[in-house]
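Asks: Structure below; questions to follow.
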Amino acid sequence: VIKRDGAEQDLVADKLHRRCSNLSTDLDVDHVDPHEIVKRLLRSLELQALDKISSQQLDDLLAETTCYLGSHHPDYVTLAGRITISNLHKCTKESFSHVVADLYHHANPRNGQPAPLVSKEVFDIVQANKVEFDGAVDW
């Protein structure tokens with residue numbers, strides 16, 4: 001597994017199980033089985049013959065695997081949503097002004113040309129008032 005900081009570590013099934021268990025504390029334990037989720041995820045990884053996978057991709061696959069089990073019980077869909085949101089939180093910057101700056105400095109991935117996702121006006125306003133915006137927006 002390639003962690004978000006670029007370091008590599010072995011895939012540990014117990015960590016995946018613990019992650020599912022921690023996110024499903026108030027769900028129906030008679031129907032939501034973290035062991036089954038992890039077993040299916042590992043089987044899927046074997047079938048795909050992935051040599052390396054990022055932790056973000058692993059979270060995405062964990063959420064997809066969990067969601068597929070939603071036909072067995074709706075709490076699986078709830079858990080899949082929680083896994084996805086948790087992953088998004090890990091990928092989101094701490095500062096609103098940094099996010100706006102990234103959106104403004106976005107480049108088209110195909111040609112590398114500037115392709116801002118927010119206007120210059122929005123960027124300038126947020127940057128001129130960083131302290132206020134960063135203090136007001138708490139995610």
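Asks: Say whether the condition of being surrounded by 17 or more Cβ atoms within 10 Å (Cβ to Cβ) and part of a helix (DSSP H, G or I) is met by at least one residue in the range 42-53.
Replies: For the range 42-53, residues surrounded by 17 or more Cβ atoms within 10 Å (Cβ to Cβ) and part of a helix (DSSP H, G or I): absent.
Asks: Among (1) farther than 20 Å from D14 by Cα; (2) without any contact (Cβ under 8 Å) to a residue 40 or more places away in the chain, which single condition is T78 missing?
Replies: Answer for T78: the failing condition is (2).
Asks: Look through the range 124-139, keep the residues that are among the aliphatic types (A, V, I, L, M) and in a helix (DSSP H, G or I), and return whichever of them is nearest to L88 (Cα to Cα).
Replies: In this case the residue turns out to be A136.
Asks: Let me ask you something else. Residues in the range 72-80: is at least one part of a helix (DSSP H, G or I) and either at pLDDT below 95 or under 14 Å from the mean Cα position of the chain (by Cα) (or both)?
Replies: Within the range 72-80 (the criterion being part of a helix (DSSP H, G or I) and either at pLDDT below 95 or under 14 Å from the mean Cα position of the chain (by Cα) (or both)), the answer is yes, since at least one residue qualifies.
Asks: Continuing with the same structure: Among D5, D60, which is part of a helix (DSSP H, G or I) and under 28 Å from D138 (Cβ atoms)? Don't jump to the end; show me each part of the working.
Replies: Working: D5 fails: part of a helix (DSSP H, G or I).
Every option except D60 fails the conditions.
Asks: List pairs: first residue in the range 93-107 and of a type in the set (S, T, Y), second residue outside any loop (DSSP other than H, G, I, E, B) anywhere in the structure, Cβ distance under 7 angstrom, at least six positions apart or on different chains.
Replies: Filtered contacts from the range 93-107: S95/D134; S97/V126; S97/Q127; S97/K130; S97/F133; S97/D134; Y104/F123.
Asks: Would you be able to tell me the number of residues in the range 82-96 that are under 16 Å from the mean Cα position of the chain (by Cα) and more than 18 Å from V38 (Cβ to Cβ)?
Replies: Looking only at the range 82-96, we keep the residues that are under 16 Å from the mean Cα position of the chain (by Cα), and these are 82-94.
Next, only the ones that are more than 18 Å from V38 (Cβ to Cβ) stay: 85, 88-94.
Here the count works out to 8.
The values are calculated or read from the model by the stated rules, or taken from the named source; none is laboratory data. Here the structure is a predicted model, which is why all the values come from computation and not from measurement. Virtual Cβ from ideal backbone geometry, glycine too; neighbours counted across all protein chains shown.
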